[in-house]
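Scroll down for the structure; my scribbles are underneath it.
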Amino acid sequence: MTSQLAAPTESLATGQRSLADPSVRYPLWPPLTEGCPVTSTDSVAYPVEVDYAYDKLPADFFATAASRPRGHERWAPLLPPLDAPGLAEGGTPLLPLEDGVWIKDESRNPTWSHKDRLNRVAVSAAAGAGAAGVVVASSGNHGASAAAFAARAGLRCAVITSADVPPAVDAFLRAYGAAVLPVPIEQRWALLRRIVERTGYHPVSNLTPTAHTGHGFGPEGYKTLAYEIFADLGTVPRAVFVPTGYGEMLFGAWKGFAELVRLGYAERVPRLYACEPAAGGPLAATVRAGAITHVPVGPTAAYAIACPVGGQRGVVALRESGGAPVLVTDEEMAAARAELARSGVWAELSAAAGLAGLRQLGRVDGEGPVVCVSTSSGFKDRDLLASGPSAVVDPEDWAGVERRLRG
């Protein structure tokens, strides 16, 4: 464990390094948003991660966490510079579901999803780089979160959505003052690149077609998920089940636990399970093939995590934690969503993928609790209003009231 020092309040980040080859390093600024220019190839874009001066962290840093303000400020030394104001992101509850199983409810974040952990850091990078605004390709959680944090920082925000963006999502984005640009999905990334090149907006989502690299700083925000789970449980869980699209949160959770081990607070990293829609599953395909693999994505209502390609972040998280991918069907996610609702947690279908993965496996070897991350609120589902409103009841028809009560 590190020696006792005065508690730092500023970032201890020192630079960036390639996930393909950690010996390839770069200065901290500017943030690399298209992966490592040295190790990436025409077929694979390798992301970078941020490194820190861990030896400067005080020995009681985690023990005194509760005395610091809620939000990423609580963990500022182990995050990139927080140059944009926050919204008290993080600090979400860890709820018991049954004996030995806990739910980390990320719908309690400011825009009701886990993406707030990423965007506090990514928008801070834009502010630190002096950008006039941010641009993101998203039709859901990521776009809404980026728009909120950009508004908080006084930055412009452009959100490139799919042409069939639901009206509720469109309204959500515009509420924060974002410029919403619905286009055919295959044209989203070309437009994003053009906006970056012509306006100087900072991209806070992926720019590369070969594999997901995403933002260099943003996924560091997901480390706080691991810090909180460890602090709340007082131990490292046996396993963590994570709804997985591009694998950024999966990687951030792994890195957070790995830092706890590195700093001497924990003895091991939990096994991480990447829970992907069975309609796609690029990380599962990559693990099978031993190389980054593109997959066709079939019909699924879990649109938030339905991705055709992943990236090296997910590979690293599974390899280093001894975990595995789990492919879950829409039916399994719907059953898990219903189970969560019966316990008072209303989750988006995609958000229930973690619990669906646990239920599919049935058991996990080892000792200690199991945590399932629920990433976002049921308000985010595209079929939110498909069933229509509840039918009106005649209050004088007691038989009809009784039927509704029993139902």
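Per residue of the chain, the DSSP helices (runs of n ≥ 4 H) give a summed -39500 (n - 2.57) that works out to -9000 deg cm²/dmol at 222 nm.
Spacing of the modelled spin labels on D42 and L361, each 7 Å from Cα toward Cβ, amounts to 3.9 nm. Considering the values [x] 72, 51, 44; [y] 66, 45, 44; [z] 83, 49, 40, which represents Cα extents along the principal axes in Å as calculated for the structure under consideration? Label [x] holds the value from this structure. Please work out the Cα center distance from the range 203-267 to the range 121-178, rounded to the nearest Å. Between the Cα centre of the range 203-267 and that of the range 121-178, the gap is 22 Å. Relative to the Cα centre, the charge distribution of the chain, modelled as +1 at Lys and Arg Cβ and -1 at Asp and Glu Cβ, gives a dipole magnitude of about 600 debye. Among V38, V393, V50, which one shows the biggest mean-square fluctuation in a GNM of the chain, springs joining Cα atoms closer than 10 Å? Result: V393 has the largest fluctuation of those listed. A straight Cα-to-Cα reach below 25 Å connects K115 with the lysines K104, K223, K255, K380, residues fewer than 8 places away in its own chain not being considered.
Among the GluC sites (Glu not before Pro) in the range 1-81, those located in a DSSP loop and surrounded by at most 11 other Cβ atoms within 10 Å of their own Cβ are E10. Listed by Cβ neighbour count within 10 Å, with the fewest neighbours leading, D232, D330 appear as D232, D330. When you filter the trypsin sites (Lys or Arg not before Pro) in the range 323-389 for DSSP loop state and at most 15 other Cβ atoms inside 10 Å of their Cβ, you are left with R363. In summary, the helical segments of the chain meeting the span-like criteria, namely a full DSSP H run, a Cα extent along the axis of 15 angstrom or more and a mean Kyte-Doolittle hydropathy of at least 0.0, are 141-153, 223-233, 248-262.
Ranked by how many other Cβ atoms sit within 10 Å of their own Cβ, fewest first, the residues E197, E332, E339 fall in the order E197, E339, E332.
Packing here is the average count of other Cβ atoms within 10 Å per residue, and on that basis the peptides 211-224, 268-281, highest first, run 211-224, 268-281. Could you name the aspartates and glutamates whose alpha carbon sits less than 12 Å from that of K56, not counting residues in the same chain fewer than 8 places away? Result set, ordered by chain and number: E10. Would you mind classifying the range 234-371 by shape? Square roots of the alpha carbon gyration tensor eigenvalues, ordered a ≥ b ≥ c; an a/c under 1.5 is rounded, otherwise it is prolate if a/b is larger than b/c and oblate if not. Judged from the Cα gyration tensor, the range 234-371 comes out oblate (a/c at least 1.5, b/c at or above a/b).
Computed extension length for R68-V393: 111.9 nm, one decimal, from 0.36 nm per residue of separation with the Cα-Cα distance subtracted.
Just check the range 115-203 against the gyration tensor rule for me: Cα atoms, a ≥ b ≥ c as the square roots of the eigenvalues, rounded for a/c under 1.5, and otherwise prolate or oblate depending on whether a/b exceeds b/c. It comes out oblate by the Cα gyration axes. Ordered by the count of other Cβ atoms within 10 Å of each Cβ, fewest first, L173, L260 give L260, L173. Modelled this way, with points 7 Å down the Cα-to-C-beta line, the labels at V183 and W346 are 3.5 nm from one another.
Values in this text are rule-based calculations from the coordinates and carry no lab data. The structure displayed is predicted, hence computed values, not measured ones. Virtual Cβ from ideal backbone geometry, glycine too; neighbours counted across all protein chains shown.
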